[in-house]
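Comments concern the structure below.
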Amino acid sequence: MRREWLIPAAATLVAPVCNVAYAAVYFTTEAAQRAAFPDATAFEEVLIAPEVKLAISRDAGRFTVEPRIWRVRAGERPIGWFMLDEVIGKVELITYGLALDSNGAVKSLEVLAYRESHGDAIRLPAWRAQFIGKRPDDPVRLDSDIRNISGATLSCRHVTEGVHRLLLLYAKALAHA
Amino acid sequence: MPESAHCARRSWLLLGTLVEIAAEAPSQSMLESALLAARAELARIHQSLSGHDAGSELSRVNALAASDPQPISDDLRRVLSCALDIATRSRGVFDPTVGAQVAALGFLPPQAAAPGVASWRDVELSREALRYAKPLVLDLGGIAKGYAVDCAIDALRVNGATAGRVNAGGDLRVFGTRGEPVHVRTGGPQGALFPLVTLVDGAVATSAYGGQRRRRDRRWAAPLIDPRLRLPVLSTRTVSVIASTCMVADALTKVVALLGRGAQGILRAYRADAVVLSPARGRWRCTRLESTMVAGA
């Protein structure tokens, strides 16, 4: 181990009063799509009718941004769906990608970008894995099937709500498409 | 960095926090497998050493070790040996048996054992098994995250990464030949960010107190327990420890938070350095505790 100090040995430091933002992009959309569906040969973007989104917002809250949806194919065969959405963490947007298999069950959830002024905002233990296998008819609510362990913050609540909305969107618009 | 190196960083929600893993490797496929191996290590350690999860190895041992000696995994053995070593050297200022107090404050699920009865001296770790001399609750929350980061770094190395970084909230470790600048974020509602150190092959752990306190029975509680008094400490200090492994750095932040300058002896024993930031009239007072006298050595 080698180290070189950047902080003085003993001093009074004037603190910048503002929160310094933490921002990171982990995956491009294409890389996240490839990681979720390594066998895919095509991602076809589909558009969702405004009436469907309006109906969902009545039940499950409004989308923060326009979610983007792709039908995933391996050759001719449809193998699932990839959804890109954004929710507010504490104050800033978190971009996440949700992969569903062809039956609408959650295959994976990835954080694509995180722009939070608090790097440690997400404090719900192991909660990402809890989404795996969820289906549109599961409640996907904090405090019910997604455990809300003490210390849960807005970030977890909002990603959970986002996943719930996307699963409803699947059920209403994509399941029979 | 050679021109041909492939690098990437990924983030996952693991260990109850946002973990960022970055790595550099000679090929894209090695890079991807190294990142996935590191993630798998973090998930594996979390599964076995989490006190939040009723199905973890730690929860099983806590439930049974007071009545029967329990066989334990290598991971639990390594973490516990280090924890008991630091407990001995600090004369109980670091004590992994504060689980019942932590649970009583609402930072862990409710536990069967009563707080305040046992201490680290009641943990009997033999070559074959682990036994508790009294009912107690082992809480590795102050050290296991650092160990998980060390394991993730090993996984990156073993799988062919030439440089890498794992950052799990307050616990960070880097490897490779380049120096990585590390900043420290202070706790409290008005958290500030300061450049701390440039690090080659080493770990930094920070415990920023003041951010996680909560009101309970009309009193403030924080997850830092003083094991000598068995009471929570309302510290406003932010403590960073720099050491060669993240496990040691993670555990020593608690010792420095409680002992301040009194921790210099134990820091020296582990060849670790510390920085204490404490709020003073709207500013931050910084104190460096160095184990080596030669600056920059």
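Rule-based calculations on the coordinates, nothing more; no lab input. Quick caveat, the model's predicted, so the values are computed rather than measured. Quick reminder, even Gly has a Cβ in these numbers, built from the backbone with ideal geometry, and neighbours come from all protein chains shown.
At a glance:
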quantity	calculated
Hz values of 3J(HN,Hα) by residue in the range B:146-157 - Karplus curve (6.51, -1.76, 1.60), Gly and Pro given as x	x, 5, 4, 5, 4, 5, 5, 5, 4, 5, 4, 4
Note, ³J(HN,Hα) from phi for the range A:30-41, Karplus 6.51, -1.76, 1.60, rounded to Hz, x at Gly and Pro	4, 5, 5, 4, 5, 5, 6, 10, x, 8, 5, 10
Shape category assigned to chain B from the gyration tensor of Cα positions, a/c cut at 1.5	oblate
Calculated FRET efficiency for the pair B:ARG44/A:ASP39, C-beta based, R₀ 22 Å, to 0.05	0.25
Peptides A:34-42, B:44-52, B:257-265 ordered by average Cβ neighbours within 10 Å, highest first	B:44-52, B:257-265, A:34-42
Computed lengthening from B:ALA114 to B:SER73, 0.36 nm per intervening residue step minus Cα-Cα distance	12.2 nm
Residues B:ASP154 and A:ARG77, FRET efficiency given R0 of 35 Å [Cβ-Cβ distance, rounded to 0.05]	0.30
Estimated FRET transfer efficiency (B:ARG271, A:GLU30; beta-carbon r; R0 56 Å; 0.05)	0.80
Residues whose placed amide H lies under 5 Å from that of B:LEU231, excluding near-sequence neighbours	B:ASP226
Helical mean residue ellipticity (222 nm; -39500 (n - 2.57) per DSSP H run of 4+; nearest 500) of chain B	-9000 deg cm²/dmol
Ranked list, fewest to most other Cβ atoms within 10 Å of each Cβ, for B:ARG78, A:ARG62	A:ARG62, B:ARG78
Cut-off under 5 Å, modelled amide H: who pairs with A:ILE79 long-range	A:VAL72, A:ARG73, A:ALA74
Shielding by partners - mean other protein chain Cβ count within 10 Å, residues of B:250-260	0
Spacing of the two label points (7 Å from each Cα toward its C-beta) at B:VAL233 and A:ARG62, in nm	4.8 nm
The range B:29-154: C-alpha gyration tensor shape, a/c 1.5 cut-off, then a/b vs b/c	prolate
